[in-house]
Amino acid sequence: KQRQTRNALCSGNSGEPQMNDELIQQALIVGAKYPVFPTNQKIPCWSNKDLDLPAGQGGYKIATQDPDEIRRLFSHKNATEIAVPMGTMSGLLCVDVDLYKGEGTAEWMADNQHWLGSTRAHKTRSGGVHYIFKHVTGERFPATIAPGVDIKAGGTGFVCWPPTKGYSLFNKKPI
């Protein structure tokens, strides 16, 4: 089902580049610091077939900091979001707090502000918060640390990054 949804959202252009100048410029700014790739509703826009890649080599793995490749990737007609992979590719880890998942989540966030509040944070379009930390190479992290609180640190973990619509800077502290 995810493949059908992904194809409906993102694959309709058969690899034909389209221009989305504002998104491309924003992606170039983020891409100057972190690898980026385009998504639409949090689904990668380019299929492995579009990119002539073997299974398992697309998605967040196409993230790049190369300006020419950023322009090409973000020219996809359905690209609407700037995604940054978490883990070794970017050197980042995200503690993803989904506040809509219940009162206990907000309480957990309040109880942990002594360390969450020490780093950069982004508001998400669902009203949650992405706390961004430096990724520690070689460390393994649990996928979930509390109800409604996930860690994105590698594997398939990525987050949409401001200025993606609905995402904004919540805390400008250094990572």
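The values are calculated or read from the model by the stated rules, or taken from the named source; none is laboratory data. Everything numeric here is computed off the predicted structure, so don't read it as measured data. Here the Cβ is made from the backbone with ideal geometry for all residues, glycine too, and neighbour counts use every protein chain on show. Note: accessible area is taken over every heavy atom of the protein model, side chains too, but ligands, DNA and RNA are not part of it. Shrake-Rupley method; radii C 1.70, N 1.55, O 1.52, S 1.80 Å.
At a glance:
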| item | result |
| --- | --- |
| Heavy-atom SASA rank of L92, L51 (probe 1.4 Å, accessible area, largest first) | L51, L92 |
| Under 5 Å, built H, 5+ apart or other chain: amide partners of F170 | A121, H122, K123 |
| Mean separation of Cα contacts under 8 Å (6+ apart) over length of the range 25-137, as relative contact order % | 26 |
| The range 49-91 shape via C-alpha gyration tensor axes, a/c threshold 1.5 | oblate |
| R120 paired with D98, simple spin-label distance in nm, labels 7 Å along Cα-to-beta-carbon | 2.4 |
| Expected 222 nm ellipticity per residue - DSSP helices of 4 or more, -39500 (n - 2.57), all of the chain, to 500 | -6500 deg cm²/dmol |
| Highest-MSF residue in the chain out of S118, S126, S47 [GNM, Cα springs under 10 Å] | S126 |
| Accessible solvent surface per residue of the chain, calculated while the other protein chains remain in place, 1.4 angstrom probe, Å² | 53 |
| Cα-based reach from K152 at 16 Å (exclusive), listing aspartates and glutamates while leaving out same-chain residues under 8 positions away | D96, D98, E139 |
| Residues whose placed amide H lies under 5 Å from that of F158, excluding near-sequence neighbours | M86 |
| Overall form of the range 78-175 per C-alpha gyration tensor (a/c, 1.5; a/b vs b/c) | rounded |
| Rounded if a/c under 1.5, otherwise prolate or oblate - the chain, Cα gyration tensor axes | prolate |
